[in-house]
Amino acid sequence: MRIENKGLKEEKRIYTISELTEDIKILMENTFPEVWVEGELSNFSQSQSGHIYFSLKDAKSSVRCVFFRGLNQGLKFALKDGLSCLVYGRITVYAPSGQYQLSVQKLEPKGAGSLQLAFEQLKEKLDREGLFDPAHKKPLPALPLRIAVVTSPQGAAIRDILNILRRRAPFVKIILNPVKVQGQGAASEIARAISEFNQYKEVDVLIVGRGGGSLEDLWAFNEELVARAIYNSKIPVIRSVGHEIDWTIADLVSDLRAPTPSAAAELVVKQKEDLSLELGHLLQSMNVSVNNKLKILS
């Protein structure tokens, strides 16, 4: 038999704000654990601690994002308002304000790759500062006797450079400062080697380079640290990175760009035969000049 209790009302479930927020937090974070989101970056800011905050928006909505320092340090390019991005992260609810946000784990530019974007951003920055100005380019010495090389001691580049220099100009002294040319720490080693040669001073010209490779392989020569070391060098610098089609920031800052390491060696010294020929022409010109003066005097 069914008994109805018409006198009792259904008891209300009353939440505290904290309880409601906690339930929403559990629901959202379990429903959207990790997501890719596309949008335009706006309201960019970075705290002194290194954490990055911004909004990701489209035409109708926006979501707040946080990119913690431990995760954002690997970024190769600069974030700025208006950048179209692909963002990977976790949905979290910030309990004190009851707002949801995206805790970013990875961020990629939409369209151009991150390395290409980093290249363009640094190129624009250094160009504004005048680091590519032709007026700053130093001429190469006509007859260098001491040639410094900054490259890997195991790579094909140093073998090519040594073979050509020994064949064309066996009288020159070659000094190698061995460095890593790719991977973690390569840029700092290259920049330090350039600085060390400038402190040493006993060299006439400096070849900086490596063999060919992918954009990632050549990336050390796109680092600002290397660009500024080349720009600040008092010794003329020849860049010799990769193949003729490979361009880096180092190319734009150097005093001379050689398409390959072999070409750098050929450009920096003249063959003995060429020198002998030039000396012969000079002696011939001197003889003609002296004879003409003697004729005038007589």
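Just so you know, all these numbers are worked out from the coordinates, no wet-lab data involved. Note that the coordinates shown come from a computational prediction; the quantities given were computed from them, not determined experimentally. Please note: Cβ atoms are built from the backbone with ideal geometry, for glycine as well, and neighbour counts cover all protein chains shown.
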Here are some values of Kirkwood radius over Cα pairs in Å: (1) 22.2; (2) 19.6; (3) 24.1. Which one was computed from this structure? (3)
How large is ³J(HN,Hα) for each residue in segment 137-149, as worked out from phi by the Karplus curve 6.51 cos²θ - 1.76 cosθ + 1.60 (θ = phi - 60°), to whole Hz, x for Gly and Pro? 5, 9, x, 7, x, 5, 9, x, 10, 10, 10, 9, 10
Take peptides 183-189, 63-69, 125-131 and line them up by average Cβ neighbours within 10 Å, highest first, as a rough protection proxy. 63-69, 183-189, 125-131
Additional length obtainable on full extension of the chain from E244 to V290, 0.36 nm per residue less Cα span: 11.9 nm
Checking rank on 252-263, 162-173, with mean other Cβ inside 10 Å and highest first, the result is 252-263, 162-173
The set of residues whose placed amide H lies less than 5 Å from the amide H of K110, leaving out same-chain residues fewer than 5 positions away, is S84, C85, L86
In this structure, the FRET efficiency calculated for K60 and D133 from their beta-carbon separation, with R0 = 41 Å, to the nearest 0.05, is 0.35
What is the gain in length, in nm to one decimal, between S84 and A156 on full extension, counting 0.36 nm per residue of separation less the C-alpha to C-alpha distance? 21.9 nm
Inter-probe distance in nm under a simple model that places probes 7 Å from Cα toward Cβ, at Q48 and M28: 3.0
Cross-link table K25/K106; K57/K123; K123/K173; K137/K293; K25/K123, entries beyond 32 Å C-alpha to C-alpha: K123/K173; K137/K293; K25/K123
Any idea what Rg and Dmax come out to for segment 156-254 if you just take the C-alpha atoms, in Å? 13.0, 37
As a test of the formula, what do you get for the chain when each DSSP H run with n ≥ 4 contributes -39,500 (n - 2.57) and the sum is divided by the residue count, at 222 nm and rounded to the nearest 500 deg cm²/dmol? -11500 deg cm²/dmol
What nm value, rounded to one decimal, do you get for the distance between K125 and Q184 when each label is placed 7 Å out toward the C-beta? 2.2
Which whole number in µm²/s is D for segment 10-93 by Stokes-Einstein, with the Kirkwood Rh taken over Cα pairs at 25 °C and 0.890 mPa s? 165
Amide H of Y94: which non-local residues (sequence gap of 5 or more, or other chain) have their own amide H closer than 5 Å, using H built in the peptide plane? Q99, Y100, Q101
